[in-house]
Amino acid sequence: MTPPPLVVVVGPTAAGKTALAAELARWLDAEIVGCDASQLYVGLDIGTGKARPDELGGVPHHLIDVAPPDQPIDAAGYARLADAAIASVRARGRRVVVCGGTGLYLRALLEGLCPAPPIAPHVRAALRARLAAGEAATLHAELAAVDPEAAARIGPADGQRIERALGVHRSTGRTLSAWQIEHTPTTPRHAAILVGLDRPRADLDVRIERRVDAMFRAGFVDEVRGLVEAGFGPELRSLQAIGYRLVAAALAGETTIDEARTRMKTATRRYARRQRTWFRALDGVRWFAPPVDRAHLGDYVGAPPGAAGEGTWDV
C-alpha cells in the first residue's frame, strides 16, 4: 500500500511554520520531522528557535538534537536521517508533517542531490586561503557575478557553500546551478503536498525584530557562552547559524552585545528574503497567509472530513 504523501510546511523564518505544522499534525494524526540544518545540533536551542513542548501541544517532533555541534551533518546526511524518521513514523500508522526552512535539505529529501562535481585541489586551496583571510563577502560578490542563482541561495558568510559554488565554476567552467539542473534526479524520492506560509514583508520584519529580542531576553548570550566554554568555537559549521558567531565575537570583546543583536536582526531579515525567493521558485507550493482558512487548508492536505473545523486560524 502506498503511504500518504508527506505534508511539507515551508516559508521564511518567523512566518509561523512550526505553529502551523503542529496544528496540521493534530488534524492528520501525524508527527513532525524537522528540516532545519541548525536545529539538528544539541545545545543550539534559543538561537535556532527550537519549539518548546508547550508550543507543540504534545505533537512529537523528530530531528531535533541529533548530533553534537562538532559533528557536521550535510544535506545528504540529513536526508538519510529524515528517511529513517519518516519510516519510523509511518510504521506507527501515522502521517508525516515536514517543517523547516533549509531549502537545500528539503531538496535532498524530496528530490535527491546531484553528484558532487569535481573541484581542483589548487582551486580549493586558493579559496580556503581567501576565506581564512576574511574575504567571504568578496568571494560571495564574485560568485554573484558568475552564478547569481547560487549566490541568491547562499549567505555572504557561508564560506563552505561559497567555496563549493565558486570552486565548481573555476574548476569546470560551468556554474553549480547549471550542474544541479542537469544532474538532479528527476524521480521524486517522496511524494509530497507543499504548504507555503508567508506574511507581508513589513509584518515579517516586525516579527523578526520581536523574535530576536525575545531570544536575547531568554538567555541567548548565555547559551553561546556555554558553547564556547565547552570548546565549540565559532569556526564550526554548526555555529554558522545566524547570531552565534556575532554573539561569540561580542563575548570575545570584538564588538558589543547590542551591536550583535542589531546585526542579528539584519542578518535574519536578509535570510528570510533569500528563503522567500527560494521557496517561491519551488514548484507545487500552495501559499497561505494568516489568518489561514481551516477548511481550505484541511481540504488541501487531506485532513479527515470535519477535522479542520470552521473559521480561521492565525499563527
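Odds and ends about this structure:
- Look at the dipole of the range 51-197 built from charges on Cβ: of Val97, Val66, Ala165, the Cα furthest out on the positive end belongs to Val97.
- Ordered from longest to shortest, the equivalent ellipsoid semi-axes for the range 21-89 are 21, 16, 8 Å, each the square root of 5 times a Cα gyration tensor eigenvalue.
- Gain upon complete extension [Asp158, Arg128; 0.36 nm per residue less C-alpha separation]: 9.6 nm
- Over all orientations, the chain has a Cα convex hull whose mean projected area works out to 16.6 square nanometres.
- Distance-filtered residues of the range 219-259 - backbone nitrogen under 20 Å, label point 7 angstrom along Val42 Cα→Cβ: 222-241
- Extension gain, Arg211 to Arg286: 0.36 nm times the residue separation minus the Cα-Cα distance gives 24.4 nm.
- Percent of beta bridges antiparallel (DSSP, the chain, rounded to nearest 5): 10 percent
- Alpha carbon convex hull of the range 95-150, projected area averaged over orientations, nm²: 5.7 nm²
- Loop trypsin sites (Lys or Arg not before Pro), the range 139-183 (other Cβ atoms within 10 Å of the site Cβ: 15 or fewer; DSSP): Arg174
- Modelled spin-label separation between Arg225 and Asp83, with each label point placed 7 Å from Cα along the Cα-to-Cβ direction: 4.4 nm.
- Selection of trypsin sites (Lys or Arg not before Pro), the range 69-143, meeting DSSP coil and at most 11 other Cβ within 10 Å: Arg92
- Convex hull of alpha carbon positions in the range 1-45: directionally averaged projected area 4.3 nm².
- CD proxy at 222 nm, helix term only [per DSSP H run n ≥ 4: -39500 (n - 2.57); per residue of the chain; nearest 500]: -15500 deg cm²/dmol
Here, each number is a calculation from the coordinates, and none is a lab measurement. In this text, all values refer to a predicted model and were calculated from it rather than measured experimentally. As a convention, Cβ positions derive from the backbone with ideal geometry for all residues, glycine included, and neighbour counts pool all protein chains shown.
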